[in-house]
Amino acid sequence: MPKVIRVDPLKPDPETLREAVEILRSGGLVAFPTETVYGLGADAYNPRAVRRIFQVKGRPADNPLILHIGSLNMLSEIAEIVDDRIRDVLKILWPGPFTVILRKRETVPSEATAGLPLVAVRMPAHPVALALIEGLGRPIAAPSANRSGKPSPTAAEHVIEDLGDSVDLVVDGGETFLGVESTIVDLTRDPPVLLRPGPIDPEYLESVLNRKILIPGFARGFGEAERALAPGMRYRHYAPDKRLILVEDPLNIASCVEHVVRGFIERGYKVCIVGYDELSHLKDLLGVEYISMGSINNKFEIARNLFKALRMVDKTNADLCVVVGIDESGIGLAIMNRMRKASGGNIVTCSSSQLS
Ligand code: TXA
Ligand code: MG
């Protein structure tokens, strides 16, 4: 069990956070809450500390990290901004769940960017994360604080479950506010490319950028990305150990899920469903374990509970679980990207003929 300190997420006591800052300063690893998910942080300018992040997570060495900053001055230290309009856009989106890919400066050790000439940067909208960056006075390199391949942690317990005492300190600020990781956009490309959907949705982003962005198939959760474009998007992600099947059906999701689950039960499988309050009648109807992520009409609630629900899958008695898809509008795209990846491409849709 690692050392854990509890803090008020909205008004963290600087005195309490002092120890965390000292650990970062001396090259240690600190897990801390951001508004999206928990991060596993190290001093971004300390190559040894950054290398330890990869070891502890079991992360492939060619998958670069996000640098977390606390001010636009810090951005100028690490990235080249050729176009002043980019600065104006970042002033609108930051602090917030938005990560930008820019050309890096020499100050950034190549360990943090996995040798790439580009760096991912974001200014988190979380008082604890901002206080740590300010205390350290340097950017904090931080991936999500899960073991590589597992669902991202939205609570300190998830970090402890995955990483144990290989992390020097866990700052426990309760559950994170948004529950899915930041939107990532590559602004070095023309048009800009969405690498990972998140809480800042494409419609809004296009209105802020005042231009169209490219949304490749892998950003929706389909297929594999080219290494040069999106180095981290090729690996299996967010996956429970148990088999997970994603059911997508824009027309009649309740009957499609019922049909698919009955099929598995008939073949002798114990099944669980990860779905919504509105479909919870399927629990008794089919006699299965049912995990609800919230109301189908509240996508932010679903986003907040998604990773916790995926972690619960492995704690059920089921042989396999069916996760229920949702439409892609707004934060729905981020949710569907995570679900498609978690299912490892095990996606079922129902044609009307199957249902009749
Ligand atoms: O919300 C978040 O972004 C969280 C919190 C902790 O800030 N962080 C997070 O980090 O999700 P991570 O490492 O789990 O995901 C970062 C993604 C990876 O898929 C990585 O490949 C991509 O960002 N990335 C980092 N640097 C990149 C670069 N130079 N070019 C393209 N993709 C990059
Ligand atoms: Mg991650």
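Residues that are surrounded by fewer than 17 Cβ atoms within 10 Å (Cβ to Cβ) and closer than 15 Å to Arg243 by Cβ within the stretch 283-314 comprise just one, Asp314. A search for C-beta distances below 8 Å between a residue of the stretch 176-188 that is touching a residue at least 24 places away in the same chain (Cβ under 8 Å) and within 7 Å of Val37 (Cα to Cα) and any residue that is in a strand (DSSP E or B) and within 14 Å of ligand 2 (Cβ to nearest atom), counting only pairs 6+ apart in sequence or on different chains, returns Thr176/Tyr38; Glu181/Ser144; Glu181/Arg196. Taking the conditions (1) within 12 Å of ligand 2 (Cβ to nearest atom); (2) in a helix (DSSP H, G or I); (3) on the phi > 0 side of the Ramachandran plot in turn, Gly149 satisfies each one other than (2). Among the residues of this structure, Glu111 counts as one that is within 26 Å of Val167 (Cα to Cα), among the charged types (D, E, K, R) and in contact (Cβ under 8 Å) with a residue 60 or more places away in the chain. You will find that of Val208, Val159, Val193, Val170, the residue that is more than 15 Å from ligand 2 (Cβ to nearest atom) and either buried (at least 21 other Cβ atoms within 10 Å of the Cβ) or closer than 30 Å to Met312 by Cα (or both) is Val170 and no other.
Answer yes or no: is there a residue in the stretch 291-304 that is among the aromatic types (Phe, Trp, Tyr) and part of a helix (DSSP H, G or I). Yes, there is a match, as at least one residue in the stretch 291-304 is among the aromatic types (Phe, Trp, Tyr) and part of a helix (DSSP H, G or I).
Checking the structure you have, find out if any residue of the stretch 31-42 is in contact with a Phe, Trp or Tyr (Cβ under 6 Å, 6 or more places away or on another chain) and either free of Cβ contacts under 8 Å to residues at least 12 places away in the same chain or acidic (Asp, Glu) (or both). Yes, because at least one residue in the stretch 31-42 is in contact with a Phe, Trp or Tyr (Cβ under 6 Å, 6 or more places away or on another chain) and either free of Cβ contacts under 8 Å to residues at least 12 places away in the same chain or acidic (Asp, Glu) (or both). Residue pairs whose Cβ atoms lie under 7 Å apart, separated by 6 or more positions or on different chains, with the first residue in the stretch 227-242 and closer than 25 Å to Leu320 by Cβ and surrounded by fewer than 21 Cβ atoms within 10 Å (Cβ to Cβ) and the second of a type in the set (Asp, Glu) and modelled with pLDDT of 80 or more, are Asp241/Asp314; Lys242/Asp314. Each residue in the stretch 28-55 was checked for being within 19 Å of the chain's Cα centre (by Cα) and surrounded by fewer than 22 Cβ atoms within 10 Å (Cβ to Cβ), and 2 of them qualify.
The values are calculated or read from the model by the stated rules, or taken from the named source; none is laboratory data. Model, not experiment: these values are computed from the prediction. Neighbour counts are summed over all protein chains in view; Cβ atoms, including those assigned to glycine, are modelled from backbone coordinates with ideal geometry.
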